[in-house]
1. Looking at (1) modelled with pLDDT of 95 or more; (2) crowded, with 17+ Cβ neighbours inside 10 Å, which one does residue 16 not meet, given that it meets all the others?
2. Of everything in segment 33-46, what is touching a Ser or Thr at 6+ places or on another chain (Cβ under 7 Å) and buried (at least 16 other Cβ atoms within 10 Å of the Cβ)? Give them in sequence order.
Amino acid sequence: MRTGHKVAVVGQGYVGLPLAMAATSAGWHVTGIDVSSRIVDGLNAGKSHVEDVSDSELKSAIDRNLYLATTKGKLLQTRISASFVFQHL
């Protein structure tokens, strides 16, 4: 199911990445934003660093063109339906 909705999730850690995957499961297009280029590169290669998200789940979202990770917050300038920010303190 594709909804056409777009969401940005800032922070792709143990809260943000599972939320991003839940949104892709609902058919939302997700831009996952993180400050770490190492994490972003791994995510875009289909490698999850979060225990609650499997590599296969991540790869499926990427293959369906529903998920893209980036370090560039300026992508938020595109029209999105919602955004969520998670910061580990």
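1. (1)
2. Filtering segment 33-46 for residues touching a Ser or Thr at 6+ places or on another chain (Cβ under 7 Å) gives 33-35, 37, 40.
Residues satisfying the conditions are 33, 34, 40.
The values are calculated or read from the model by the stated rules, or taken from the named source; none is laboratory data. Since the structure is predicted, the reported quantities are computational estimates derived from the model, not experimental observations. Cβ: placed from backbone, ideal geometry, glycine included. Neighbour counts: every protein chain shown.
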